[in-house]
Amino acid sequence: MACCSRDWQEICVSDCLWKSLLKERWPLLCGADKDPNVKDWRGFYVKQHEEQKRQAESVINLVEQRGSLNAVDYLHAIGCLKKMQFGFRDVQMLLLKPKLNVLLNLIGLHYCLNKLHVPAFHITEALWSGKIADRQVCVKWRPTYNFRIRGGDQSRCVYLKDLVKGEDDGEVLTVLERGATYELSRVQVS
């Protein structure tokens with residue numbers, strides 16, 4: 001837009017624009033507007049985005065190395081996003097992409113639903129705009145009471161869009177949230 005006209009160019013480099021974008025994407029950084037050292041809001045925004053991208057790569061690398069995840073690694077990845085204070089826009093831009101492993105899409109979706117409490121409508125919209133709504137994940141688990149019984153494993157394969165709608169009655173996300181607890185001896189996501 002900045003190349004279209006002089007007015008657009010002035011708007012695109014305006015501190016007001018970048019300051020508001022920063023506040024919308026990272027509300028926890030609102031105190032930065034009182035910091036006298038922050039003079040270039042566009043530069044600060046770009047620096048913050050690059051930092052989030054670098055941090056996301058650690059989670060991406062953890063997941064991309066594997067074809068499936070056990071519950072401990074899955075919950076660790078979600079914990080990393082929480083620790084890094086990822087917001088919905090961060091997840092949308094960095095994890096809800098079709099070129100990434102579907103497990104990363106699931107981690108991003110689960111984090112947005114259960115940790116950020118983003119309304120389902122916004123997540124569904126992000127899945128469709130990212131062209132990942134029809135991607136499918138399979139979750140397998142073994143209840144403890146079936147520990148050594150042959151055929152005791154349970155599994156569900158579900159589309160990402162259906163997880164948001166709760167069409168599986170929330171069973172898959174509940175199993176993933178609990179992880180390998182005393183009720184479940186093993187949980188695997190693929």
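The values are calculated or read from the model by the stated rules, or taken from the named source; none is laboratory data. All of these numbers come straight from a predicted model, not from anything done at the bench. Here the Cβ is made from the backbone with ideal geometry for all residues, glycine too, and neighbour counts use every protein chain on show.
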Could you go through segment 48-59 and let me know if any residue there is closer than 20 Å to LEU176 by Cα and at pLDDT 70 or above. yes
Looking only at segment 102-121, and only at residues there that are surrounded by fewer than 22 Cβ atoms within 10 Å (Cβ to Cβ) and in contact with a Phe, Trp or Tyr (Cβ under 7 Å, 6 or more places away or on another chain), the one that is farthest from ILE78 (Cα to Cα): VAL118
Exclusive hit being at pLDDT below 80, touching a helix residue (DSSP H, G or I) at 6+ places or on another chain (Cβ under 6 Å) and charged (D, E, K, R), set ASP35, ASP15, ASP7, ASP90: ASP15
In segment 102-125, which residues are assigned to a helix (DSSP H, G or I), under 11 Å from the mean Cα position of the chain (by Cα) and free of Cβ contacts under 8 Å to residues at least 60 places away in the same chain? LEU104, ASN105, ILE107, GLY108, LEU109, TYR111, CYS112, LYS115, ILE123
Answer yes if at least one residue in segment 146-158 is assigned to a loop (DSSP other than H, G, I, E, B), surrounded by 14 or more Cβ atoms within 10 Å (Cβ to Cβ), at pLDDT below 90 and of a type in the set (S, T, N, Q), and no otherwise. no
So, in segment 71-101, of the ones that are of a type in the set (D, E, K, R) and part of a helix (DSSP H, G or I), which residue ends up surrounded by the most Cβ atoms within 10 Å (Cβ to Cβ)? ASP90
Please verify whether PHE44 is of a type in the set (Phe, Trp, Tyr), surrounded by 14 or more Cβ atoms within 10 Å (Cβ to Cβ) and over 13 Å from the mean Cα position of the chain (by Cα), treating the condition exactly as stated. yes
